[in-house]
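Novice: If you scroll down you'll find the structure; I have some questions about it.
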Amino acid sequence: MGIMDFVKSGVREMMIARPDHLKHLIVYKHPDQNVPKYSQLTVDSDECALFFKDGTYQGWLPAGRHTLNTQNIPFLNNIVNNYTGGDVFIAEIYFVKTQPVRSVPFGGKLESMEDPTLFEFVTPRVHGEFSLVITDPVRFVIGYHGQAGGSNDNDAITDWIKRLFFMSVKTVIGQMCVQTGRSLLNLGGMTAELSGRMIQSAPNLADIGVKILQIADFSINFSPEDEKLLREANKARAEARRGVSIARDSAAAKQFELDQKFGQDARYVQQLAGNYNNYAAGQAMMGAGEGMAKGGGNSGVAALGAQMAMGVGMANMMANPQQGGVPQFGVPGMMGAPGAAPAAQAAPAAAPQASIEDRLAKLKSLKDKGLIGDDDFAKKRDAILAEI
């Protein structure tokens, strides 16, 4: 080794810092435990430096350039190697990130779960990234990372943290479906709310000096088979809901029609009859009249008589409220209306009907006089004789 190599080697030993190609690591351990006095220690703005000796934490240095000297850094007295005349410190130095570490991936299959609205069992798959921050570097090294050199891969360092966090993700998704009543298919549009709940439900990692901060690029997806199953179930549910909606609208329209009819009847009652009893009696009279008009041509005399009696009886009831009827309508000219002539007390008695012999004799007289023909005579005669 030439003198220049010796000088360069000595300079390198006097300059302590994290190598550029390892600045991404959460924890970096300086490879040499023998540190010359007055060495220049450079700590980046996003990290701190921890000093350990014989497995015991001694102290830490913040970001900046530090000259390792016991006069300005008192805890270095605990790591001085007295066998070298106090010119060398013996310590393990760890550089630990204090700024958030972003884009830590997580994801995988959840346990099989039942969709709360479609009632199908599927196995969702979730993926995303989260960020974390080392809140207590000493606890993180002692309680989690350990004092080994570690690997050059952050995924290996955060593997256990990711698995803990993923357990909370499973819990949040299950609770979200139950509380909101949403299908798993619809959770994709609630990533912001889901992310917030996942942060709130993130495992408490304070005992190892870590905190979960944010979630990004979160997504829920399914295998092709599960997605097809859910979409078919969702389509069937939509059709059922559409049928219920149509039935509800039809019922509302019918109710509206009935309400309109009721309001119209109420106005008629108030304006025409004064009360509902009068209105009902009037409707009955009109119905009786319509029945007589329709039945006059093809109904028997008895039916016509019954309809006429009904109408007359109702009219008499309205004309004579003192006999248990209802007040009259007050239409000019109607029976019993104010100003109308008094009704007859009783109908005149019907004239006595002629005997069969007299009727046959009269019929014979009409035939002899030529007022009726032979055919009419025979029909009328048979009709009279049929009464015997």
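Novice: Checking S131 against (1) assigned to a strand (DSSP E or B); (2) within 22 Å of A17 (Cβ to Cβ), which test does it fail?
Specialist: (2)
Novice: May I pose another question? Being within 32 Å of the chain's Cα centre (by Cα) and not in a strand (DSSP E or B) is the filter here, so list the residues in segment 196-217 that pass it.
Specialist: G196, R197, M198, I199, Q200, S201, A202, P203, N204
Novice: Select, from D44, D20, D54, the only residue that is of a type in the set (D, E), without any contact (Cβ under 8 Å) to a residue 12 or more places away in the chain and either under 30 Å from I212 (Cα atoms) or crowded, with 20+ Cβ neighbours inside 10 Å (or both).
Specialist: So the residue among D44, D20, D54 that is of a type in the set (D, E), without any contact (Cβ under 8 Å) to a residue 12 or more places away in the chain and either under 30 Å from I212 (Cα atoms) or crowded, with 20+ Cβ neighbours inside 10 Å (or both) is D20.
Novice: Yes or no: segment 134-144 includes at least one residue that is outside any helix (DSSP H, G or I) and either crowded, with 16+ Cβ neighbours inside 10 Å or modelled with pLDDT under 90 (or both).
Specialist: Yes.
Novice: Restricting to segment 172-213, and then to whatever is surrounded by fewer than 13 Cβ atoms within 10 Å (Cβ to Cβ) and touching a residue at least 24 places away in the same chain (Cβ under 8 Å), can you tell me which residue is nearest to T117 (Cα to Cα)?
Specialist: Looking at residues that are surrounded by fewer than 13 Cβ atoms within 10 Å (Cβ to Cβ) and touching a residue at least 24 places away in the same chain (Cβ under 8 Å), I get G181.
Novice: Does segment 216-241 hold any residues that are crowded, with 17+ Cβ neighbours inside 10 Å and closer than 16 Å to T171 by Cα, and which are they?
Specialist: Matches in segment 216-241: F218, I220.
Novice: Taking L61 as the residue in question, decide whether it is surrounded by 16 or more Cβ atoms within 10 Å (Cβ to Cβ), on the phi < 0 side of the Ramachandran plot and within 60 Å of the chain's Cα centre (by Cα).
Specialist: Against the criterion (surrounded by 16 or more Cβ atoms within 10 Å (Cβ to Cβ), on the phi < 0 side of the Ramachandran plot and within 60 Å of the chain's Cα centre (by Cα)), L61 qualifies.
Novice: Does any residue of segment 180-194 turn out to be more than 30 Å from the chain's Cα centre (by Cα), outside any strand (DSSP E or B) and not aliphatic (A, V, I, L, M)?
Specialist: No, segment 180-194 contains no residue that is more than 30 Å from the chain's Cα centre (by Cα), outside any strand (DSSP E or B) and not aliphatic (A, V, I, L, M).
Novice: Kindly list, by first and then second residue, each pair from a residue in segment 63-81 that is in the same structural domain as C48 (by TED's automatic domain parsing) and closer than 20 Å to R18 by Cβ to a residue that is among the hydroxyl-bearing types (S, T, Y) and in a loop (DSSP other than H, G, I, E, B), limited to pairs with Cβ atoms under 8 Å and residues at least 6 apart or on different chains.
Specialist: Going by the 8 Å Cβ cut-off, the qualifying pairs are A63/S45; T67/Y38; T67/S39; L68/Y38; L68/S39; L76/T70.
Novice: Would a scan of segment 112-129 turn up a residue that is of a type in the set (F, W, Y), in the same structural domain as G209 (by TED's automatic domain parsing) and buried (at least 18 other Cβ atoms within 10 Å of the Cβ)?
Specialist: Scanning segment 112-129 turns up no residue that is of a type in the set (F, W, Y), in the same structural domain as G209 (by TED's automatic domain parsing) and buried (at least 18 other Cβ atoms within 10 Å of the Cβ).
The values are calculated or read from the model by the stated rules, or taken from the named source; none is laboratory data. The shown structure was predicted, so the numbers you read here are calculated from the model rather than taken from an experiment. When we count neighbours, we look across all protein chains shown, and the Cβ atoms used for this are built from the backbone with ideal geometry, even at glycine.
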